[in-house]
Structures are given as C-alpha cells and as structure tokens.
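Working notes, structure below.
The values are calculated or read from the model by the stated rules, or taken from the named source; none is laboratory data. What you see is a predicted model, and the numbers here were worked out from it, not measured in a lab. Positions of Cβ are backbone-derived with ideal geometry, glycine not excepted, and every protein chain shown enters the neighbour counts. We work out accessible area using only protein heavy atoms, side chains counted, and drop any ligands, DNA or RNA first. Shrake-Rupley method; radii C 1.70, N 1.55, O 1.52, S 1.80 Å.
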Amino acid sequence: MNTASRRRLLVLYAVAAAMLISLGGRLWYLQVMNNTAFTKLAAANQTRNVIVPAVRGQILDDVGNRLVTNKTALVVSVDTMNLSQQPGGAAPVLHRLAPLLGLPYRLLADKTRLCTKGVPQPCWPGSPYQPVPVAQNVSPRVALQVMEQPKKYPGVTAQVQPVVQYPQSGAASPSQVLGYLQPITPEEIKSRHLPVTGFSGVDLVGQAGLEAQ
C-alpha cells in the first residue's frame, strides 16, 4: 500500500471515529442530561386525566317525598380539544352552533374558554379534556341536528344526562329553603379543609339551606 492510500485510510478512520464520538456524546446528553425532562414528556403523551362528574344525590323528607332529585335531559356539550384541531379552530364550529342553540356566539365562546387567572365568568372551570356542557334541556330536534351532522358540528355531542331538578309545590320555591349548588372554589376548599386532590373545578357543592348541610 502506497503512502497516499495509507493517508486516505487514516483520514477515513479519523472521520469515522469523530462521528462515533459525536453520536455517543449526543446519546449521553439525551439519556443522562435530559432524562427527567423526556421522561415527563413521555408520561404526558401516555396519560391524561378525564373527569366524569358524579350524579348528585337526592334530598328526601321524613316520609320519602323527593325535595331535590335528578331528571334526564338532552344536554349539548362541546369537546374543546377536538375543536382546537379543526381547520380554523373552534370559531367556525361555534358560529354554526350558536344560532342552532339560540345563543349569541360571544356567550357560547365564553362558556367554552377555560377559567384561568384574569378570565371572568362565564368560563369553564373543569378539565380541558372534559366536554363542556353549553346547553341543557334542548329539544329533540336540536339534538338530532347535532347528532346527524357530525361534519358540520365536529366535537359537539347531544346526550341524555342527569340534571338537578327542584320540584315546586304551587307558587312556592323550595330552593329558597333548600339552597342551591355551585362549582366549588379554591377559597371553599381552603376554608372547609377539604383535600384539593379530591375535587375538581366543576364539582358542585351546596350553598345555604339543606344543600349546604
């Protein structure tokens, strides 16, 4: 082997060694230096929390008459994660949905935004992975239009769900005595010494009257 060939072979060895050292260094950086960050990213891709609200209990009097109960109603809900992936985002779908529900577009858009710091009501205090109920007690006609046109209303569902009902007797309003429900606030969790992990932003808690008890 002449000198020129030997020199070219040494250069080739040097280039191959440099490439192996670079590859090894990059592998070490990813597996050792950034191990924690990539582990968290992998876990985030594999799992997500989906909160399903529980059906509230009933309030009965001493002889078993129902004072507060549940009834089934058609509820239209919006999957904001699905809408965010649509062409143009959520706005085109909400613009089509608003007149069907008889709601102003601005109100519908506000109902589906997340309650973050500085965002006033109305907004959604729950998980972004949980469908947002935007209209209760809709008519069967409206529900059918939503279900039969998934391409027009992607990410929108109409399902029968339990909702709270306060039976009234005559002109009386039992809610004045029984109280009412509203989503729990961080202040209530703190004042009642409740475990934060046991409640979500959409959990309803009693306010005043028997509901509070």
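Scanning the range 76-125 for residues being open to solvent by 70 Å² or more (accessible area, probe 1.4 Å) and at pLDDT 90 or above gives a total of 5.
Consider the range 126-142 and keep the residues that are in contact (Cβ under 8 Å) with a residue 40 or more places away in the chain and farther than 21 Å from Gln86 by Cα. The one that is surrounded by the most Cβ atoms within 10 Å (Cβ to Cβ) is Ala135.
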